[in-house]
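Report on one structure; see the data block that follows.
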Amino acid sequence: MSESSFGPYRVVRKLGEGGMGVVYLGEHALIGRRAAIKVLHRERGAQRENVERFFNEARATSAVEDPGIVHIYDFGITTNDTAYLVMEYLDGESLSMRLRQRGPLSSHDAVRITRQIASSLAAAHAANIVHRDLKPENLFMVRDREALAGERPKILDFGIAKLGNDAGPDRFQTRTGAVMGTPAYMSPEQCNAGKIDPRTDIYSLGCVLFHLLVGRPPFDLEGVGAIIAAHLREPAPVPSQVSPHVPAIVDPLIARCLAKNPDDRFTTMIELQEACDAVLGQLPAAVAARGPDVAQDATLRADAVTTLGNSVGQVSGELRPLRRGTWFAVGAAAIVAGIGLAVTTRRAPSPAEVAPAAAAAPAPITITPLPTPPPLPTPTPGSAAEPPAAPISTEPSPAAAEPPTTPAAKPPHSKVPAKKPKPVRDVYEDRI
C-alpha cells in the first residue's frame, strides 16, 4: 500500500485482508482517536458497482444514530483513486467467532442478543434502510456497561443495504440475475429476486437466532442451489427437535421469523423485539444470571486488562482480599458447623436437658445465701427439722470446704457457651 494516511487518519498497522479490500488500524493525527480504515482493492475499485456498494455502507450507517450500528467517521477517494472508509474501531469478537470458540449459546443469551439486534434494526428500518446481509460474521459483540449482560451487538457491513431513496430496480443486482446476500441466511424473496422490505431482515435474523441456538444455520446443505431451494420450498426445522437443550418455548418465535410468506412473519422489528421480551420472561432466570453470562463476564474481565488499560487491570488485585475472605468464611463456617454439631448432640435429649437447665439456673442463686451454715451436713439427726435445706446442700457439698470459691467455680457451664461464640465474633469482625 502506497498510502500512509487517509484524511486526518494515519495508518498504524494492518488488521486483516479480504477479497474486496484491506482493513488497517488508524489513528487521528490530532486527537489520537483510533479507527478502522477499510481500503478497497485497486482492481475492485476499477468497477463502478463495487465503489457504489462500498460507499453505500457509509451512506446507510450515517443515516442511523443507534449504539448498535457501527459509526462511520469519514470516506472518500485518494489522489491515487483508492476508495477508503474510516469507521469506528471495535474491540470484541464477532458472533461467528464466539460460536466457533464456545459452540451454541444458551437460549437466554441467544434470545437476548436477538432482541438487541432487532432494536437496532428497528432504527435502521425507520430510516428506510434494509440490511439484507445479516449473519454472525456481520454481528460484532462489544462491551457496554449500559446494555444487558454488559455487552452489545454492533451491526456491520451495510454494503448491500437497500436504501429507501433507491429508485427503479435493485442497483446491486447484476444483469445476469444474480442475487446479493449470503445464501444460508437469505430470505425466500431474496432467493427469488423478489420485493425487499424490512421483513427480509426479520427472516435473516431468524436464521441467525437458529444458528445461535443450534450451532448451524437452519438449512446447512452443500451447494448454493440446494440452500436456495430449501429456503423457497422446505419447511424450517424446529430448533428443539434438532438440539435437545433448546426449550420448546423458543420454537414459535423462530417459526414465525422463518415463515415463507412475508405476511406470516412479524410485521416490524419492534414486534419481534416484544416477542423476544415475552420469551425472555419465561426462560429460567437462574440460567440467565448464573449460566453463560457469568462465564462471559469472566472472559470480559480477562480481556479487559489488554483493552481498557490499567484501571481495569486492577480487578486482579481486588480479587486477592476476596480470596482471604473466603478462607475466613471457611473457618467461620467450620466453627459454626462445630457449634451446630455440638448443639444438635445436646439437643437430642432436649426434654431431659430442659429440667436440669431450669434447676441449674436457681442453683447459683440458692448457693449464695447458704455458705454461712457449714456444720449442717455433719449433724444428720438434727437436720430432720430442716428438710428443705437437705436437697440444696447436696449439690454444694463437694465444694463445702471453700464456699466463696464454689460460686466462681460453678459457672463452667456458663463459660462453655460463652467461649464458643467468641471465635465466631472474631472471625466475622476480621471479615468486615
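Can Pro244 be described as free of Cβ contacts under 8 Å to residues at least 24 places away in the same chain, of a type outside the set (S, T, N, Q) and assigned to a helix (DSSP H, G or I)? Before the answer, list the steps.
Values: free of Cβ contacts under 8 Å to residues at least 24 places away in the same chain: yes; of a type outside the set (S, T, N, Q): yes; assigned to a helix (DSSP H, G or I): no.
For Pro244, the condition - free of Cβ contacts under 8 Å to residues at least 24 places away in the same chain, of a type outside the set (S, T, N, Q) and assigned to a helix (DSSP H, G or I) - is not met.
The residues of the range 68-101 that are part of a helix (DSSP H, G or I) and either acidic (Asp, Glu) or touching a residue at least 12 places away in the same chain (Cβ under 8 Å) (or both), listed by number, are Leu95, Ser96, Arg98, Leu99.
Scanning the range 14-44 for residues that are touching a residue at least 24 places away in the same chain (Cβ under 8 Å), farther than 15 Å from Ser4 by Cα and among the aliphatic types (A, V, I, L, M) gives a single hit, Met20. Restricting to the range 192-225, name every residue that is hydrophobic (A, V, I, L, M, F, W, C) and either under 18 Å from Ile117 (Cα atoms) or at pLDDT below 95 (or both). Within the range 192-225, Ala193, Ile196, Ile202, Leu205, Cys207, Val208, Leu209, Phe210, Leu212, Leu213, Leu221, Val224 qualify. On inspection, Ser96 qualifies as surrounded by fewer than 18 Cβ atoms within 10 Å (Cβ to Cβ), out of contact with any Gly (no Cβ under 6 Å at 6 or more places or on another chain) and either over 21 Å from Leu212 (Cβ atoms) or not assigned by TED's automatic domain parsing to the domain that holds Arg10 (or both). Just one of the listed residues (Gln282, Gln190) is of a type in the set (S, T, N, Q), buried (at least 21 other Cβ atoms within 10 Å of the Cβ) and over 17 Å from Pro104 (Cβ atoms), namely Gln190.
If a residue has to be at pLDDT below 85, over 13 Å from Glu57 (Cα atoms) and not in a helix (DSSP H, G or I) to count, how many in the range 147-181 make the cut?
Step one: filter the range 147-181 for residues at pLDDT below 85, giving 148, 159-180.
Among the residues that remain, those that are also over 13 Å from Glu57 (Cα atoms) are: 148, 164-171, 173-180.
Those still in the list that are not in a helix (DSSP H, G or I) too: 164-171, 173-180.
Qualifying residue count, the range 147-181: 16.
Residues in the range 40-58: is at least one crowded, with 22+ Cβ neighbours inside 10 Å, under 24 Å from Tyr203 (Cβ atoms) and either outside the structural domain of Arg145 (by TED's automatic domain parsing) or under 27 Å from the mean Cα position of the chain (by Cα) (or both)? Looking for residues that are crowded, with 22+ Cβ neighbours inside 10 Å, under 24 Å from Tyr203 (Cβ atoms) and either outside the structural domain of Arg145 (by TED's automatic domain parsing) or under 27 Å from the mean Cα position of the chain (by Cα) (or both), one finds none in the range 40-58, hence no.
Test Gly32 against the stated conditions and say whether it is more than 25 Å from Leu213 (Cα to Cα), in a strand (DSSP E or B) and of a type in the set (Gly, Ala, Ser). Considered against the rule, which asks whether it is more than 25 Å from Leu213 (Cα to Cα), in a strand (DSSP E or B) and of a type in the set (Gly, Ala, Ser), Gly32 comes out as no. Ile129 meets the conditions (1) more than 28 Å from the chain's Cα centre (by Cα); (2) crowded, with 21+ Cβ neighbours inside 10 Å; (3) more than 26 Å from Gly7 (Cβ to Cβ) in every case but one. The failed one is (3). If you go through the range 10-28, how many residues are surrounded by fewer than 12 Cβ atoms within 10 Å (Cβ to Cβ) and more than 18 Å from Asp91 (Cβ to Cβ)? Result for the range 10-28: 2.
The values are calculated or read from the model by the stated rules, or taken from the named source; none is laboratory data. Owing to the predicted nature of the structure, the values given are computational and were not obtained by experimental measurement. All Cβ positions, glycine included, derive from the backbone under ideal geometry; neighbour counts span all protein chains shown.
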